[in-house]
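Encoded as structure tokens, the structure appears first; notes follow it.
The values are calculated or read from the model by the stated rules, or taken from the named source; none is laboratory data. Just so you know, these numbers come straight off a predicted model, no measurement behind them.
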Amino acid sequence: MKFLRKLIASQQGVSAVEFALILPLLLFILFGIIEFGVVLFDKAVVTNASREGARAGIVHVHQSQVSDEEIDTVVMAYAQNYLISLGSPLNEVTMDPPDRSEGNLTVTVRYIYDFLVLPDIAALIPGAGFDGTIELVGRTIMRMEDGGGSP
């Protein structure tokens, strides 16, 4: 019985030591899940912003085309409302082709996402080649409407 009491008394701090050893790994996994969740959400927002811009560009307003600046404004407004940017603005919005008289309109939105937690950890790994950013690209191609009112 004495041996059992002595054994129990000697292992009282073991769980605290095990928790201290496992805690950094658990926090890394938790913050990694949150970080990549934000990246996936921002990727969806960038894609939807390109859709909103393309839709605005193909629809004729009062028989005239929407300008590139108006498309850019639509994309930026959508991104400002929904993007979890944490200080980083959209990098680039491009329209192709510049002449939208017929054919397709392609709207491309580029966004550089700056990781919050993971670049510091990746910097500890030699030769990782990770600079702490990732480029998110949303591209939408839509067919131009004729605007003539024909059925």
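So, residue 36, is that one at pLDDT below 90 and either part of a helix (DSSP H, G or I) or farther than 26 Å from residue 96 by Cα (or both) or not? I'd like the intermediate steps shown before the answer.
Numbers: at pLDDT below 90: yes; either part of a helix (DSSP H, G or I) or farther than 26 Å from residue 96 by Cα (or both): yes.
Yes: the conditions hold for residue 36.
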Within the range 119-151, restricting to residues that are farther than 24 Å from residue 53 by Cα and modelled with pLDDT of 70 or more, the one that is nearest to the chain's Cα centre (by Cα) is 133
